[in-house]
Amino acid sequence: MKVRIQFSKHGPLKFIGHLDIMRYFQKAMRRAEIDIAYTGGFSPHQIMSFAAPLGVGLESDGEYMDIEVLSHNGKEAMKAALNAVMAEGIEVLSVRMLPEKAKNAMASVAAAGYFITFRAGYEPDFLNEKALQQFYEKESIPFVKKTKKGETMLNLKPGIYELRTEGKGVYMLVDASSGGNIKPGMVIDAFYRENGQKLPEFALEITRTDMYMDTGTDKERRFIPLRDVGEDF
């Protein structure tokens with residue numbers, strides 16, 4: 001039986017990397033006595049996979065992992081058992097049973113939502129709804145991505161699905177697929193450059209609000225949260 005677990009990650013644990021989070025949940029499954037399935041062979045390991053890794057320093061309300069279980073006592077019992085062994089800063093938010101033919105979380109991710117705020121003293125005086133919308137309505141949003149092999153010029157516009165101010169921050173929904181992953185810092189950096197400014201280092205506080213799969217078509221996207229796949233049990 002395939003199960004999808006949504007969890008949040010906040011506070012000091014935002015500085016824990018993806019591989020450590022994987023090891024953390026492997027131990028948590030044993031402590032919570034979840035009847036998780038293991039692979040065969042000489043070195044069996046828990047059947048567990050995660051959606052798109054979260055960058056170090058980012059918080060989230062929409063992290064996902066898929067596991068296979070041999071038996072269970074229902075979603076509420078599983079959720080309670082896991083939360084009873086969670087460290088402060090991580091909370092299991094939902095548990096759903098996946099259809100047998102459902103894609104795993106990593107293969108399903110098409111987009112991710114982010115809420116960005118600015119640390120005290122770093123608030124840009126040019127940020128307002130009108131300026132952000134003018135930026136978003138541009139035909140092209142160029143961004144120079146630096147890699148070990150050099151620099152690559154990207155056009156971010158096709159991968160930005162929503163962009164708006166929200167309170168004193170910015171909300172965006174962007175491409176998070178393996179083929180066109182856009183990081184929120186790239187969009188904000190391009191917005192700063194559009195206004196003749198350079199994005200200061202450590203200016204942003206970023207929260208991933210959720211991850212989505214696309215159930216639409218090439219002509220019309222339809223995003224639904226990964227937590228909405230499957231059914232209660």
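Values as computed for the structure displayed
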item	result
Segment 13-109: GluC sites (Glu not before Pro) in DSSP coil with no more than 14 other Cβ atoms inside 10 Å	Glu33, Glu88, Glu100
Rh (Kirkwood; distinct C-alpha pairs) - segment 88-212, Å	16.2
Segment 1-105 - accessible surface per residue (Å², probe 1.4 Å)	51
Dipole magnitude of segment 113-233, debye to nearest 20 (Cβ charges: Lys/Arg +1, Asp/Glu -1, about Cα centre)	560
Which of Leu13, Thr39, Met1, positive extreme of dipole for segment 1-41 (C-beta unit charges)	Leu13
Accessible-area composition of segment 1-149, carbon plus sulfur, in percent [1.4 Å probe]	54
Part-to-part distance (alpha-carbon centres) for segment 110-151 and segment 34-83, which is given in Å	33
Accessible area of segment 183-233 divided out per residue, in Å², using a probe of 1.4 angstrom	61
Longest segment of the chain lacking trypsin sites (Lys or Arg not before Pro) that sit in a DSSP loop with at most 11 other Cβ atoms within 10 Å	1-100
Net dipole in debye of the chain [+1 Lys, Arg Cβ; -1 Asp, Glu Cβ; about Cα centre; nearest 20]	580
Rounded to 5, percent antiparallel among DSSP beta bridges of the chain	95
Amide hydrogen neighbours beyond the local backbone of Ser94, cut-off 5 Å, H modeled	Gln6
Alpha carbon Rg of segment 147-233, scaled by the compact-globule rule 2.2 N^0.38 Å	1.30
Listed pairs Lys27/Lys79; Lys2/Lys75; Lys145/Lys198; Lys146/Lys198 exceeding 20 Å between Cα atoms	none
Globularity index of segment 64-137, i.e. its alpha-carbon radius of gyration over 2.2 N^0.38 Å	1.76
Helix-derived mean residue ellipticity, 222 nm - over the chain, DSSP H n ≥ 4, -39500 (n - 2.57), to 500	-5500 deg cm²/dmol
More than 22 angstrom apart: percent of Cα pairs within the chain	57
Residue-wise HN-Hα coupling along segment 32-46, computed from phi with Karplus coefficients 6.51, -1.76, 1.60 (Hz; x: Gly, Pro)	7, 6, 6, 7, 7, 7, 10, 6, x, x, 7, 10, x, 9, 4
Given charges at beta-carbon only (K, R positive; D, E negative), |dipole| of segment 1-102 in Debye	120
The chain: angle of helix 184-194 to the longest principal axis, Cα-based, in degrees nearest 10	0
Karplus-derived HN-Hα couplings along segment 199-211 (A = 6.51, B = -1.76, C = 1.60, θ = phi - 60°), whole Hz, x at Gly and Pro	5, x, 5, 6, 7, 9, 10, 10, 10, 7, 7, 5, 10
Cα-based convex hull volume of segment 42-107 per residue, rounded to whole Å³	144
Enclosed volume per residue, in Å³, of the convex hull spanned by Cα atoms of segment 1-92	92
Under 12 Å, Cβ to Cβ, from Leu154 - net charge with Lys/Arg +1 and Asp/Glu -1	+1
Rounded to whole Hz, the Karplus (6.51, -1.76, 1.60) HN-Hα couplings of segment 77-89, x for glycine and proline	5, 5, 4, 5, 5, 5, 5, 5, 10, 6, 6, 4, x
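The values are calculated or read from the model by the stated rules, or taken from the named source; none is laboratory data. These figures come from a predicted structure and were not determined experimentally. All Cβ positions, glycine included, derive from the backbone under ideal geometry; neighbour counts span all protein chains shown. Only protein heavy atoms, including side chains, enter the accessible area calculation; ligands, DNA and RNA are left aside. Shrake-Rupley method; radii C 1.70, N 1.55, O 1.52, S 1.80 Å.
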